[in-house]
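Chemist: I am attaching a structure below and will ask some questions about it afterwards.
The values are calculated or read from the model by the stated rules, or taken from the named source; none is laboratory data. Here the structure is a predicted model, which means the values were calculated and not measured. All Cβ positions, glycine included, derive from the backbone under ideal geometry; neighbour counts span all protein chains shown.
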Amino acid sequence: MDTRAVLDHQYEAFSAGNADEIAADFADDAVLIRADAVFSGRAAIRGAYQEMFEGRFKPGSYELAVDAEHVVGEIAYIAWRASCATDELTLGTDTFVVRNGKIVAQTFTAKSEPK
């Protein structure tokens, strides 16, 4: 899969709240870097997503809008915002690095304000 196809699959899997499908796009030794933690390896990344899907991003409990998307070679970048049950994410960003059809690195951050 090329970078665009991987990003499209991530959108679908995230929308469905499917941590297994999210994790399937990651290389075995991939890293997910957030402001509060670094997750190394597919299993740890799957766990981080599962936690999101059980909390703030429980399927059907939020509205998400993508404000910017850029795919250049092996890099995909998105800027987004979301309205969740208890807070507003006024700006979120994700950067994905895709090699040989798998995500090898992802960074994520979001600015949250209580409702």
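Chemist: Against the conditions (1) under 19 Å from G92 (Cα atoms); (2) polar (S, T, N, Q); (3) at pLDDT 95 or above, where does S61 fall short? Just the number, please.
Modeler: Result: S61 fails condition (3) only.
Chemist: Here's a follow-up. Pull up region 88-115, narrow it to residues that are hydroxyl-bearing (S, T, Y) and touching a residue at least 24 places away in the same chain (Cβ under 8 Å), then point me to the one that is nearest to D8 (Cα to Cα).
Modeler: Result: T107.
Chemist: Now for a separate question. Exactly one condition in (1) touching a helix residue (DSSP H, G or I) at 6+ places or on another chain (Cβ under 7 Å); (2) under 22 Å from G47 (Cβ atoms) is not met by E74; state its number.
Modeler: (2)
Chemist: Restricting attention to region 11-23, and to residues there that are small (G, A, S) and surrounded by 14 or more Cβ atoms within 10 Å (Cβ to Cβ), which single residue is farthest from V98 (Cα to Cα)?
Modeler: Narrowing region 11-23 to residues small (G, A, S): 13, 15-17, 19, 23.
Restricting the remaining residues to those that are surrounded by 14 or more Cβ atoms within 10 Å (Cβ to Cβ) gives 13, 17, 19, 23.
Values: A13: 17, G17: 21, A19: 18, A23: 13 Å.
Among residues in region 11-23 that are small (G, A, S) and surrounded by 14 or more Cβ atoms within 10 Å (Cβ to Cβ), the one farthest from V98 (Cα to Cα) is G17.
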